[in-house]
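> Mind looking over this structure? Questions follow.
The values are calculated or read from the model by the stated rules, or taken from the named source; none is laboratory data. Predicted, not measured: the structure shown is a model, and the values here were computed from it. So basically every Cβ, Gly included, is an ideal-geometry build from the backbone, and we count neighbours across all protein chains shown.
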Amino acid sequence: MSQIGADILVDALEREGVEYIFGIPGAVLLPIFDRLASSKVRFILTRHEQGAGHAADGYARASGKVGVCIATSGPGATNLVTAIATANFDSIPMVAFTGQVKTPLIGNDAFQEADMTGITRSITKHNFLVKNVCELAGTIKAAFHLARTGRPGPVLVDLPMDVSMAEYDCEYPARPNLPGYKLNGRGNSRQIKMAADAINSSKRPVLYAGGGVISSDAAAEVYELAVKGGIPVTTTLMGLGAFPETHELSLKMLGMHGTAYANYAIMESDLIIAVGARFDDRITGRLDAFAPEARVIHIDIDPTSISKNIRVDVPVVGDAKGILQAMIPQVAEADRPEWLARVAEWKQRHPLAYKQEGLRPQYVVEQIYEATGGKAVITTEVGQNQMWAAQFYKYTQPRQFISSGGLGTMGYGFPAAIGAQMARPGEVVFDIAGDGSFQMNIQELATAVGYELPVNVAILNNGHLGMVRQWQELFYGRRYSGSILEDANPDFVGVAEAYGAEGLRVTNPGDVRPAIEQAIASPKPYVLDFVVEPEENVFPMVPAGSAINKMIGGMA
Amino acid sequence: MRHVISVTVENKPGVLAHISGLFAARGYSIDSLAVGETEDPAVSRMTIVTRGDDQIIEQITKQLRKLISTLKVQDLSELDYIERDLVLIKVNVPAGKRSEVIEIVNIFRGKIVDVSLREIVIELSGQETKVQALIDLLKPYGIKEMARTGSIAMTRGAKK
């Protein structure tokens, strides 16, 4: 009996080592779902395709593998768009399968038809429309290869229904056919030497590490370089965990809501060693004022990121891990006592701080840190909750902090926590959320309950769209236009229980720690509703258009 | 500054859309874009005339290389190259003016490919500047319609 397209797809997924596929079925996917039922690949039914996409993304970030999701044609596929864009902006390996109407109907405005290759062209690393069942195996192979190699990214495969039903016997190809895709390898040895020389002759170097360090699995090399060369390390939001924040060389996060000491250090540096980071505007602030005395070494796998925003003196294109391995032997051991003393003084004089009266969101994050021993997997939503999660938890491991950095997608954290829990069974997973963000994918409580995932949600409930409110307070005369939620927020505990999860509302600082411990101990999904100070702000803050050493910040 | 970029791409549906989408999304200019098959039927060559400062041109070539379907990207402006633009111009030829127009066409070594009572259609191929010069000379007579391919280009000398 010969195979049909659906068999080829399922077979391909098994060969690629896919454990889970997140999604929702639909009319054009019926042949595929029929075959999926008896496959080794486990299908996880979510309640919105955006939830499926973010779950695949969270799974990918937590495991290092390719996240896989599937949606039906038309509205199912368009519901995936935000999740694909989220993965694209953060360079996350993902393959998204979308059903499509039968090939003769394409372009005819058929029922539930959407031009997904057109719609996702600018938000995917690449996409494919499979028109012939004989191309299917090769396309899937290519899709996974593209997703996980080079600079990772989401790849969309659009599957017309008749292709999934067509009969053919195909061999699964050994190598994908991508003549235009070449991988940048090991970095140019002359550039590497130039970089090492620059480090050796610098007086005030700073290591600036981003998400690329985690994608490249280069945390150990970053650590070795920092310790050998006496170089303080700061990370972007995407790079949290690439260097242990408990180490004395750690400056924690820099940029718009980074620590003051990280911002001062990089602004006063004479050499910036950028690894797997892209000098985004959240980091640089005003470009013409950024690090005026610093030469820049930029190690990145993607040449388009180099010299895009700032002038780079020593570009090194290639895989971070391999480049650092080649570079470290050429870097001299150094103690840098004066520079490190200056940095230590900044750390001492400008720590992160907040007022201790009432129930403060920063306190909640600190208590989560203590209760989990600093070892939990933390996902976040977007806005103030995200910034406090980045500031007040000390990350020590890669793939411990999972957050939508580049796109900043509210509603990301909860489904991502579901995906992360599936990737890391047995570990404690916390989604640090806002009351606005959590409601965007609240329906995924059903997914968490249905698959018995003990994810924990900590809502920093301030009754507002917090970050918007903060900007309105600081720059728009406290006119809270469209940012007030508290009039219509639900009883979050009631909603959790209605879905079959558990929940607890906390209004007292003294109840915070016991509540967290209760959530961790429970085998069910748990929603903690922390009613926090409604007008708390994230500080320090670099206002838009300012240099990053010109922060505003009400410290305690 | 004007740059001529030659891009060889996989000859597959959607590739043209991908490249023009890239230019549109990132706000790069397209003065002209010509595309067609090459000696290898699986490969097409696209010639794009764009403009920008050095930093923009560097980003354009890097972003084009990053696309999965592009095979090779060359900024020809830095090399020795041949460039041709083909134009068909339907020009007004009022009574008594026909020989003037024919003279202009001959000076440019163009061809007349259609003649009617009040119009002629001229065909010319050459460098962009030459084509533009002819258009400018014909404007006073009244250009009724014009179709231009945009530049195609190729490096001189042995294939690199």
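> Which residue out of B:SER32, B:SER20, B:SER77 is without any contact (Cβ under 8 Å) to a residue 24 or more places away in the chain and among the hydroxyl-bearing types (Ser, Thr, Tyr)?
Values: B:SER32 fails: without any contact (Cβ under 8 Å) to a residue 24 or more places away in the chain; B:SER77 fails: without any contact (Cβ under 8 Å) to a residue 24 or more places away in the chain.
Checking each option against the conditions leaves just B:SER20.
> If A:ASN441 satisfies every condition in (1) among the polar types (S, T, N, Q); (2) touching a helix residue (DSSP H, G or I) at 6+ places or on another chain (Cβ under 8 Å); (3) surrounded by fewer than 21 Cβ atoms within 10 Å (Cβ to Cβ) but one, which is the exception?
All conditions are met except number (3).
> Suppose we filter A:ALA344, A:ALA332 for residues that are outside any loop (DSSP other than H, G, I, E, B), assigned by TED's automatic domain parsing to the domain that holds A:THR259 and of a type in the set (Gly, Ala, Ser); which single one remains? Give the derivation first.
Working: A:ALA332 fails: outside any loop (DSSP other than H, G, I, E, B).
Exactly one residue qualifies, and that residue is A:ALA344.
> Right, here's the next one. Check segment A:195-218 and report whether any residue there is surrounded by fewer than 18 Cβ atoms within 10 Å (Cβ to Cβ), of a type in the set (A, V, I, L, M, F, W, C) and over 21 Å from the mean Cα position of the chain (by Cα). Walk me through how you get there before you give the answer.
In the first step, residues of segment A:195-218 are kept if they are surrounded by fewer than 18 Cβ atoms within 10 Å (Cβ to Cβ); the result is A:197, A:200-201, A:203, A:217.
After this cut, where a residue has to be of a type in the set (A, V, I, L, M, F, W, C) as well, the list is none.
There is no residue in segment A:195-218 that is surrounded by fewer than 18 Cβ atoms within 10 Å (Cβ to Cβ), of a type in the set (A, V, I, L, M, F, W, C) and over 21 Å from the mean Cα position of the chain (by Cα).
> Between A:ASN108, A:ASN79, A:ASN88, which is farther than 28 Å from A:SER215 by Cβ and assigned by TED's automatic domain parsing to the domain that holds A:GLY153?
On the way: A:ASN79 fails: farther than 28 Å from A:SER215 by Cβ; A:ASN88 fails: farther than 28 Å from A:SER215 by Cβ.
When all the criteria are applied, what remains is A:ASN108.
> Follow-up. Residues that are small (Gly, Ala, Ser), within 9 Å of chain A (Cβ to nearest Cβ), out of contact with any Leu (no Cβ under 9 Å at 6 or more places or on another chain) and not in a helix (DSSP H, G or I): does segment B:15-37 have at least one?
Checked against the condition, which is being small (Gly, Ala, Ser), within 9 Å of chain A (Cβ to nearest Cβ), out of contact with any Leu (no Cβ under 9 Å at 6 or more places or on another chain) and not in a helix (DSSP H, G or I), segment B:15-37 yields no hits at all.
> Still on this structure, I have one more. Kindly indicate the residue of segment B:64-114 that is of a type in the set (Asp, Glu) and touching a helix residue (DSSP H, G or I) at 6+ places or on another chain (Cβ under 6 Å) and also nearest to the other protein chains (Cβ to nearest Cβ) among those meeting that condition.
Here is the first cut: in segment B:64-114, the ones of a type in the set (Asp, Glu) are B:75, B:78, B:80, B:83, B:85, B:100, B:103, B:114.
Then drop every residue that is not touching a helix residue (DSSP H, G or I) at 6+ places or on another chain (Cβ under 6 Å), which leaves B:75, B:85.
On the way: B:ASP75: 14, B:ASP85: 27 Å.
For segment B:64-114, the residue satisfying everything is B:ASP75.
> Could you tell me which numbered condition B:THR38 fails, if it satisfies all but one of (1) farther than 25 Å from A:ARG311 by Cα; (2) outside the structural domain of B:THR129 (by TED's automatic domain parsing); (3) in contact (Cβ under 8 Å) with a residue 60 or more places away in the chain?
(3)
> Right, another one. With aliphatic (A, V, I, L, M), surrounded by 22 or more Cβ atoms within 10 Å (Cβ to Cβ), over 16 Å from A:ARG336 (Cβ atoms) and at pLDDT 95 or above as the only criterion, which of A:MET238, A:MET267 stands out? Lay out the reasoning, then the answer.
Working: A:MET267 fails: surrounded by 22 or more Cβ atoms within 10 Å (Cβ to Cβ).
A:MET238 is the lone residue from the list that is aliphatic (A, V, I, L, M), surrounded by 22 or more Cβ atoms within 10 Å (Cβ to Cβ), over 16 Å from A:ARG336 (Cβ atoms) and at pLDDT 95 or above.
> Test A:THR98 against the criterion of being over 25 Å from A:LEU45 (Cα atoms), touching a helix residue (DSSP H, G or I) at 6+ places or on another chain (Cβ under 8 Å) and modelled with pLDDT of 95 or more, and give yes or no. So that I can check it myself, show each step before the final result.
Values: over 25 Å from A:LEU45 (Cα atoms): no; touching a helix residue (DSSP H, G or I) at 6+ places or on another chain (Cβ under 8 Å): yes; modelled with pLDDT of 95 or more: yes.
Answer is no for this residue.
> Being more than 10 Å from chain A (Cβ to nearest Cβ), touching a helix residue (DSSP H, G or I) at 6+ places or on another chain (Cβ under 8 Å) and surrounded by fewer than 17 Cβ atoms within 10 Å (Cβ to Cβ) is the requirement here; does B:GLY52 meet it? Before the answer, list the steps.
Details: more than 10 Å from chain A (Cβ to nearest Cβ): yes; touching a helix residue (DSSP H, G or I) at 6+ places or on another chain (Cβ under 8 Å): yes; surrounded by fewer than 17 Cβ atoms within 10 Å (Cβ to Cβ): yes.
Yes, satisfied.
> For segment B:40-49, what are the residues that are within 14 Å of chain A (Cβ to nearest Cβ) and of a type in the set (S, T, N, Q)? Quick ask: steps written out before the conclusion?
Let us first name the residues in segment B:40-49 that are within 14 Å of chain A (Cβ to nearest Cβ), namely B:40-46.
Once the filter is applied, which keeps residues that are within 14 Å of chain A (Cβ to nearest Cβ) and of a type in the set (S, T, N, Q), segment B:40-49 yields only B:SER44.
> Any residue that is small (Gly, Ala, Ser), surrounded by 23 or more Cβ atoms within 10 Å (Cβ to Cβ) and modelled with pLDDT of 95 or more - is there at least one of those in segment A:164-172?
Of segment A:164-172, the ones small (Gly, Ala, Ser) are A:164, A:166.
Narrowing further to those that are surrounded by 23 or more Cβ atoms within 10 Å (Cβ to Cβ): A:164.
In the following step, the residues that additionally are modelled with pLDDT of 95 or more were identified as A:164.
Yes - at least one qualifying residue is present in segment A:164-172.
Yes/no per residue for (1) touching a residue at least 24 places away in the same chain (Cβ under 8 Å); (2) in the same structural domain as A:TYR208 (by TED's automatic domain parsing); (3) among the polar types (S, T, N, Q); (4) within 30 Å of A:LEU146 (Cβ to Cβ):
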site: A:GLY276; (1), (2), (3), (4): yes, yes, no, yes
site: A:ILE283; (1), (2), (3), (4): yes, yes, no, yes
site: A:PHE290; (1), (2), (3), (4): yes, yes, no, no
site: A:ASP300; (1), (2), (3), (4): yes, yes, no, yes
site: A:THR304; (1), (2), (3), (4): no, yes, yes, yes
site: A:LYS308; (1), (2), (3), (4): yes, yes, no, yes
site: A:LEU324; (1), (2), (3), (4): yes, yes, no, yes
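> Quick one: which of B:GLY110, B:GLY96 is in contact (Cβ under 8 Å) with a residue 12 or more places away in the chain and not assigned by TED's automatic domain parsing to the domain that holds B:GLU10?
Answer to the selection: B:GLY110.
> Another one. Considering (1) part of a helix (DSSP H, G or I); (2) more than 28 Å from A:ILE402 (Cα to Cα), say which one A:SER38 fails and leave the rest.
Of the numbered conditions (1) part of a helix (DSSP H, G or I); (2) more than 28 Å from A:ILE402 (Cα to Cα), the odd one out for A:SER38 is (1).
> In segment A:41-79, what count of residues is obtained for those that are of a type in the set (S, T, N, Q) and outside any loop (DSSP other than H, G, I, E, B)?
Number of matching residues: 4.
> Further, regarding this structure: Looking at A:ALA376, is it aliphatic (A, V, I, L, M), under 20 Å from the mean Cα position of the chain (by Cα) and farther than 25 Å from A:LEU207 by Cβ?
Answer is yes for this residue.
> Here is a further query. Considering only residues of segment B:130-160 that are within 11 Å of the chain's Cα centre (by Cα) and either under 13 Å from B:LEU88 (Cα atoms) or β-branched (Val, Ile, Thr) (or both), which is surrounded by the most Cβ atoms within 10 Å (Cβ to Cβ)?
Here is the first cut: in segment B:130-160, the ones within 11 Å of the chain's Cα centre (by Cα) are B:131, B:147-153.
Now drop any that are not either under 13 Å from B:LEU88 (Cα atoms) or β-branched (Val, Ile, Thr) (or both), which leaves B:131, B:147-150, B:152.
Numbers: B:VAL131: 22, B:ALA147: 10, B:ARG148: 17, B:THR149: 17, B:GLY150: 17, B:ILE152: 20.
This residue is B:VAL131.
Residue by residue, here is whether (1) surrounded by 16 or more Cβ atoms within 10 Å (Cβ to Cβ); (2) assigned to a helix (DSSP H, G or I); (3) small (Gly, Ala, Ser) holds:
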| site | (1), (2), (3) |
| --- | --- |
| A:VAL296 | yes, no, no |
| A:ILE299 | yes, no, no |
| A:THR304 | yes, yes, no |
| A:ILE323 | yes, yes, no |
| A:LYS375 | no, no, no |
| A:MET387 | yes, yes, no |
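> Which residues, taken from segment A:127-168, are farther than 15 Å from A:ALA12 by Cα and of a type in the set (Ser, Thr, Tyr)?
Across segment A:127-168, the qualifying residue is only A:THR149.
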